[in-house]
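Asker: I have a structure here, written as structure tokens, and I will follow up with some questions on it.
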Amino acid sequence: MPAPEPTTGPLTPEELQLATRNRGMPLEALRYDTTPTGLHYLLVHFDIPAVDAAAWRLRVGGSVERELSLSLDEIRARPRETLAVTLECAGNGRARLVPRPVSQPWLNEAVGTAEWTGTPLASVLDEAGLKPGTVELVFTGADHGVEKELEHDYARSLSLAEATRPQVLLAYEMNGRPLEPQHGFPLRLLVPGWYGMAHVKWLTRIDAVREPFEGYQQRIAYYYRQDADDPGEPVTRIRPRALMVPPGFPDFLTRQRILDSGRVEVSGRAWSGLAPVSQVEFGVEGVWTPAKLEEPLGKHAWCRWTAAWDATPGEHLLSCRASDAAGNRQPTDSAWNYQGMGNNAVQTVRVLVR
Ligand SMILES: Nc1nc2c(c(=O)[nH]1)N[C@H]1C(S)=C(S)[C@@H](COP(=O)(O)O)O[C@H]1N2
Ligand SMILES: [Mo]
């Protein structure tokens, strides 16, 4: 199948098929510190693979002193860490671009925060002993498919420096339970701060390599490009974003909000993989006031914010935007790119106050 070009046409059957397999987090779930597993967003490129946990092994090989083959029990017996981490799909916001890249048509909801438990990757790499000259680690999943005419196992790499950060985990639990099949059972990579594509699910292999990995999901997908031929820049860490729990109650079809007049506490969450969130602003008709920020749940997890609003009768346009300590702030307008990556333009919510 040749790749379709970005379009302004109606949603295609292929996009609808992807949208019904994957799912976003309903925005009212922003009320939970950690997202209940069944409400966490989901993105699966191919099929959820069948994995026999008893026969499954994680193999560590390539440019190492000792190849390893670890069972799930052996991994679970290693030092254990639990981290609250916010995951967001790099394609979040794609469907709001004009023209729209044809892929999973996310609006705002491709995000969630879970308590992930696993063992630090660095100690497993230590045990294997990386040979001098190793530049990257390649992480391969059990899932297999075709994208843009290239057949491959889902695989991504990380530089040695990223892979050996102490927060990078081989995770086998999500919210205190073994990983669900759709979230990577029995083992996934967790790369706090990075967009979702780096957190390889259904891990089967880790290979130390001496040349940068050129696989499809690494070298072709997940780039900020202006057109098909633009060399572009790789997508890495999560850009800042704030989202609000839409206040009031919705109209079924349009999801426009209806609300009684008076004082309302609007709340939401904000995160950035680039630096700590430094400010959230709440906007009414484009007039911004600072929101109150709470402590984040973890270094790479979202923080709660609240803002008081005196809702007056009539139609209003609410918005929120996050800034981080590295000076990044959400843009009002989407920055267009060919694959629809990293669109962190501010959320707007239309409300009718009665
Ligand atoms: N093996 C494998 N890992 C994968 C994917 C995949 O399709 N296959 N999807 C990636 C993408 S694009 C995202 S956004 C996250 C989604 O993780 P979740 O479904 O647990 O929320 O998993 C990543 N890891
Ligand atoms: Mo993603």
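The values are calculated or read from the model by the stated rules, or taken from the named source; none is laboratory data. As the structure is a prediction and not an experimental result, all values here were calculated from the model. Virtual Cβ from ideal backbone geometry, glycine too; neighbours counted across all protein chains shown. Surface areas here come from the heavy atoms of the whole protein model, side chains and all, with no ligands, DNA or RNA. Shrake-Rupley method; radii C 1.70, N 1.55, O 1.52, S 1.80 Å.
Asker: Please list 153-162, 125-134 highest first by mean number of surrounding beta-carbon atoms within 10 Å per residue.
Answerer: On the way: 153-162: 18.1, 125-134: 14.4.
Those peptides, ordered most packed to least, come out 153-162, 125-134.
Asker: Percent relative contact order of the chain, based on C-alpha pairs within less than 8 angstrom and at least six residues apart?
Answerer: Working: 879 pairs, mean separation 64.5, N = 354.
Answer for the chain is 18 percent.
Asker: Note down the relative contact order for region 241-353 as a percent, whole number, built from C-alpha pairs under 8 angstrom at least six residues apart.
Answerer: That works out to 32 percent.
Asker: Could you run the Karplus curve 6.51 cos²θ - 1.76 cosθ + 1.60 with θ = phi - 60° over region 262-273 and give me ³J(HN,Hα) per residue in whole Hz, x for Gly and Pro?
Answerer: So the J values, rounded to whole Hz, are x, 6, 10, 9, 8, 9, x, 9, 9, 7, 7, x.
Asker: What value, in deg cm²/dmol to 500, does the helix sum -39500 (n - 2.57) over DSSP H runs of n ≥ 4 give at 222 nm once divided by the residues of the chain?
Answerer: Helices in the chain give a 222 nm mean residue ellipticity of -2000 deg cm²/dmol.
Asker: Also, quick follow-up: Report the residue, chosen from Asn108, Asn328, Asn343, that carries the largest GNM mean-square fluctuation when the chain is represented by alpha-carbon nodes joined by springs under 10 Å.
Answerer: Residue with maximal mean-square fluctuation among Asn108, Asn328, Asn343: Asn328.
Asker: Provide the gained length on full extension for the span Leu160 to Ile220, in nm with one decimal, where the gain is 0.36 nm per separating residue minus the Cα-Cα distance.
Answerer: That works out to 19.5 nm of additional length.
Asker: Restricting attention to region 195-292, which chymotrypsin sites (Phe, Trp or Tyr not before Pro) occupy a DSSP loop and are surrounded by at most 12 other Cβ atoms within 10 Å?
Answerer: Qualifying residues, ordered by number: Phe252.
Asker: Then there is this: Cross-link candidates for Lys148: which lysines have Cα within less than 23 Å, leaving aside residues fewer than 8 places away along the same chain?
Answerer: Counting by Cα, and skipping residues close in sequence, Lys148 has these lysines nearby: Lys201.
Asker: Let me ask another. Can you give the extra length, in nm with one decimal, that the chain gains between Leu107 and Arg21 once fully stretched, where that is 0.36 nm per residue apart less the Cα-Cα distance? It would help to have the intermediate numbers written out before the result.
Answerer: Details: separation 86, 0.36 × 86 = 30.96 nm, distance 1.54 nm.
Full-extension gain reported as 29.4 nm.
Asker: I would also like to ask the following. Set the Förster distance to 41 Å, then compute FRET efficiency between Val98 and Glu127 from the Cβ-Cβ distance, nearest 0.05.
Answerer: It comes out at approximately 0.25.
Asker: Sorted by accessible area (1.4 Å probe), largest first, how do Leu150, Leu42 line up?
Answerer: Ranking Leu150, Leu42 by accessible area, largest first, yields Leu150, Leu42.
Asker: Okay, next question. Please work out the Cα center distance from region 1-54 to region 257-316, rounded to the nearest Å.
Answerer: Comparing the Cα centres of region 1-54 and region 257-316, I get a distance of 26 Å.
Asker: Just report the Cα centroid separation between region 109-166 and region 180-194, whole Å.
Answerer: After rounding, the separation between the Cα centres reads 10 Å.
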